[in-house]
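The values are calculated or read from the model by the stated rules, or taken from the named source; none is laboratory data. What you see is a predicted model, and the numbers here were worked out from it, not measured in a lab. Ideal geometry is used to build each Cβ from the backbone, glycine not excepted, and the neighbour counts take in all protein chains shown.
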Amino acid sequence: MCKINALCFLCFLLIQCNPAPISQTSTFDSINSTLQKKEEKINTDDYYTFIKLNREKNPSLALKADTLEQQATRLSLLIDSLQQVMQTADSAGERDDIASRILIHTKTGNRLAEQVLQLYNTILSNGKIRNNTVPSSIMEQLNQSRHWQEELFNKTPTVAAITILKALNNECTNATNGALQEIYQQLTEHHTNTNK
């Protein structure tokens, strides 16, 4: 998670320093490649599959896992769609109006904000999960700022916006995975205690 935070900070610095568009594009393409590799390693399916197969042992925990999985999947699909739309609109990644038009003061931007905050609040509201799963820094920052879309996407080159969305997707997946892991541990503890 620290590496993703460092990548986001690097994105912010590059946007603020505003070097030549070609160097921005190549830098963000490199960061995107790194994030893509991280996405391949993150997998919530193992915990969720176990929880689904053992849902009768604790239906309440299984319902929490279902909610988390559904919210995370819906958010991931939205973010993937946004990335594709941006890439299609600006394949060079240099325009600084694409992300603004899509995400600032729009229904799409509002939907993204709602889904991120809904997942964040679900993770925080799940009892023991709240104490052991640290929400991602981007998600926490979004929860604290009412103007996060402007802060992240106003006059942001497309390639940087895509990088920010990938980092957000990774952090949401990590937070969800942590919450599902906690549910898995609670379920296995419950199973162990009932078998004694």
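For region 10-103, which fully contained helices (runs of 4 or more DSSP H) count at least 2 residues that are of a type in the set (S, T, N, Q) and either at pLDDT 85 or above or surrounded by fewer than 16 Cβ atoms within 10 Å (Cβ to Cβ) (or both)?
Details: elements: 21-41, 45-53, 59-89, 98-103.
In region 10-103, 21-41, 59-89 are the helices (runs of 4 or more DSSP H) which contain 2 or more residues that are of a type in the set (S, T, N, Q) and either at pLDDT 85 or above or surrounded by fewer than 16 Cβ atoms within 10 Å (Cβ to Cβ) (or both).
Report, by residue number, each residue of region 73-130 that is touching a Leu at 6+ places or on another chain (Cβ under 6 Å) and charged (D, E, K, R).
130
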